[in-house]
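Since the structure comes first, as structure tokens, the remarks are kept for the end.
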Number of protein chains: 2
Amino acid sequence: MATGRTHRPATRSRGIPEATVARLPLYLRALTALSERSVPTVSSEELAAAAGVNSAKLRKDFSYLGSYGTRGVGYDVEYLVYQISRELGLTQDWPVVIVGIGNLGAALANYGGFASRGFRVAALIDADPALTGKPVAGIPVQHTDDLEKIIQDNGVSIGVIATPAGAAQQVCDRLVAAGVTSILNFAPTVLSVPDGVDVRKVDLSIELQILAFHEQRKAGEEAAAEAAAVPAAATRGDSADQGPDGDVPAVMPA
Amino acid sequence: MATGRTHRPATRSRGIPEATVARLPLYLRALTALSERSVPTVSSEELAAAAGVNSAKLRKDFSYLGSYGTRGVGYDVEYLVYQISRELGLTQDWPVVIVGIGNLGAALANYGGFASRGFRVAALIDADPALTGKPVAGIPVQHTDDLEKIIQDNGVSIGVIATPAGAAQQVCDRLVAAGVTSILNFAPTVLSVPDGVDVRKVDLSIELQILAFHEQRKAGEEAAAEAAAVPAAATRGDSADQGPDGDVPAVMPA
DNA sequence: CGGTGTGAAAACCTTCACAGCG
DNA sequence: CGCTGTGAAGGTTTTCACACCG
């Protein structure tokens, strides 16, 4: 994280711990679903279950935002949606550019999740002249040559890199030079950026490797259990904490 | 994660901390690059720089695996590649199924990173009959009806879910019932699974929201700085820790 | 001498458990 | 009475700093 896992050396982001920030989007999603079903209030227990965390953690997380609950009752859904949105900076809309319109870039461009919550695909950029002008998800692809102008004209501060690993650092440098200060990197490379620029990476092969580690461990345990005792039947015990923070997941070779 | 972040309540996975496991793939990638350039040995300082972490952390991480370095010299690249691969379970190959062959599923299927490191796309599965039989990335798509048979025939224990959010839990239940014990979830939903099943999630909109939070904070600080004092020039200070472990990042609406 | 390996300290995050408010 | 909000305890992760070895 993901990630994870996550970000600058330390951070006193107006006091909200990084681990809490990473969970706010989760709460927001669960709250949005409740809001759509017109549920007026929710308890920490219910909301925690919907978000896949435990209720003590959720209450602690919310305590960093302020006292938005009512004792004996719970939280007002609409009000919390607003407070979390504001905290995450989603009350404004963020223009985003996607660089690298291959399979993955196209998938991202077509992805509906942007529009819904504060993000807008301002431009698609690719180095292949054959793509230039072709519409993907209704947006014409522009050529890398114009990257700086596109960033500046649209006031973009968030960039998504979906290029091959070899091109990522170079693209990153140009994005940063043009004024981008937050980068979501899908290329399997460590990007080096100046202070003050945030990078989050999404890396498919890392996630798979972490799964393989645990899978292997399970196989070992199973063998040991078989040799020694009664195999335990799997009972549905709701979930196992999901996601890296983190740490971290994305797309390309190791 | 996305990290983040990550996995079971605790874990004494033969003693290796979860945070360390999440970084092993990073080290492995950096080592593989060195290996390709025929570099024989590397110091913790150099390798840490290549992986984007600090050297104390790296040495501590490696200390959980054993004493694989040579004092005064560093680590033997080939040897470390082997040890980490073994630890991660990458010396065997893992058949993987991808369920949901939309834009994202197709991108994943076409992604070269599988083959290279221990993973093999055993099958592509989609609920749309119009897709059945059509090759994607050279592999014919099979229908959801045959999911159980496909899992069993191929001995699949790792599944990737790239369906819309609404279908994810149902697909997950079927994968688990058929014997899958590790799931990489790209759908923006919290999956509920029995004990003993690992889930990692990759969620694009969560990652973007975390970036937006920091972006907003920067804007606020900037304004404060402008009002109060000399704006600091950005000097290239290599990187800011990347990625949620976990945490982890993925694809669909909030 | 140079760089690993590691105890010990510090920082951070999660969980417990309960006081206190509506 | 029920549920939030939170100090305090417990656990994990990171960082420090240095002993030790090749």
Check: Which is in contact with a Cys (Cβ under 7 Å, 6 or more places away or on another chain), on the phi < 0 side of the Ramachandran plot and not small (Gly, Ala, Ser), of B:Ile161, B:Ile210?
Finding: B:Ile161
Margin query: Could you tell me how many of the residues in region A:139-154 are open to solvent by 70 Å² or more (accessible area, probe 1.4 Å) and within 25 Å of the chain's Cα centre (by Cα)?
Written below: 1
Next item on the list: Considering each of A:Gly69, A:Gly15, A:Gly74, A:Gly113 in turn, give the residue that is under 30 Å from A:Arg174 (Cβ atoms) and not β-branched (Val, Ile, Thr).
Entry: A:Gly113
Notebook entry, point to check: Out of region A:168-217, which residues are surrounded by fewer than 24 Cβ atoms within 10 Å (Cβ to Cβ), part of a helix (DSSP H, G or I), facing chain B (nearest Cβ under 7 Å) and of a type in the set (Asp, Glu)?
Noted result: A:Glu215
Checklist line | Listing of helices (runs of 4 or more DSSP H) fully contained in region A:74-118 that carry 3 or more residues being touching a Leu at 6+ places or on another chain (Cβ under 8 Å) | finding: A:77-88, A:103-110
Notebook entry, point to check: From the set of residues in region B:91-127 that are of a type in the set (Val, Ile, Thr) and within 21 Å of A:Gly102 (Cα to Cα), which is most open to solvent (accessible area, probe 1.4 Å)?
Noted result: B:Val121
Notebook entry, point to check: Checking A:Ala130 against (1) surrounded by fewer than 20 Cβ atoms within 10 Å (Cβ to Cβ); (2) modelled with pLDDT of 95 or more; (3) assigned to a helix (DSSP H, G or I); (4) more than 16 Å from DNA strand D (Cβ to nearest atom), which single condition isn't satisfied?
Noted result: (3)
Checklist line | Output for region B:147-167, where each listed residue is over 25 Å from B:Gly196 (Cβ atoms) and outside any loop (DSSP other than H, G, I, E, B) | finding: B:Gly166
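With the requirement that a residue be open to solvent by less than 50 Å² (accessible area, probe 1.4 Å) and under 15 Å from A:Glu78 (Cα atoms), what does region A:26-43 give you?
As a first pass, look at region A:26-43 and keep what is open to solvent by less than 50 Å² (accessible area, probe 1.4 Å): A:26-35, A:39, A:42-43.
Hits for region A:26-43 are A:Tyr27, A:Leu28, A:Arg29, A:Ala30, A:Leu31, A:Thr32, A:Ala33, A:Leu34, A:Ser35, A:Val39, A:Val42, A:Ser43.
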Item checked: Condition check for A:Ala50: within 12 Å of another protein chain (Cβ to nearest Cβ) and within 16 Å of DNA strand D (Cβ to nearest atom) -> yes
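Look through A:Tyr64, A:Tyr79 and report the one residue that is hydroxyl-bearing (Ser, Thr, Tyr), open to solvent by 70 Å² or more (accessible area, probe 1.4 Å) and either more than 14 Å from chain B (Cβ to nearest Cβ) or more than 16 Å from DNA strand C (Cβ to nearest atom) (or both).
A:Tyr79
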Notebook entry, point to check: Which of the residues belonging to region A:91-105 are within 12 Å of another protein chain (Cβ to nearest Cβ) and touching a helix residue (DSSP H, G or I) at 6+ places or on another chain (Cβ under 6 Å)?
Noted result: A:Thr91, A:Trp94, A:Pro95, A:Ile98, A:Asn103, A:Leu104
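The values are calculated or read from the model by the stated rules, or taken from the named source; none is laboratory data. Remember, it's a predicted structure, so these values are computed and weren't measured experimentally. Here the Cβ is made from the backbone with ideal geometry for all residues, glycine too, and neighbour counts use every protein chain on show. The area values use the complete protein model at the heavy-atom level, side chains included, leaving out ligands, DNA and RNA. Shrake-Rupley method; radii C 1.70, N 1.55, O 1.52, S 1.80 Å.
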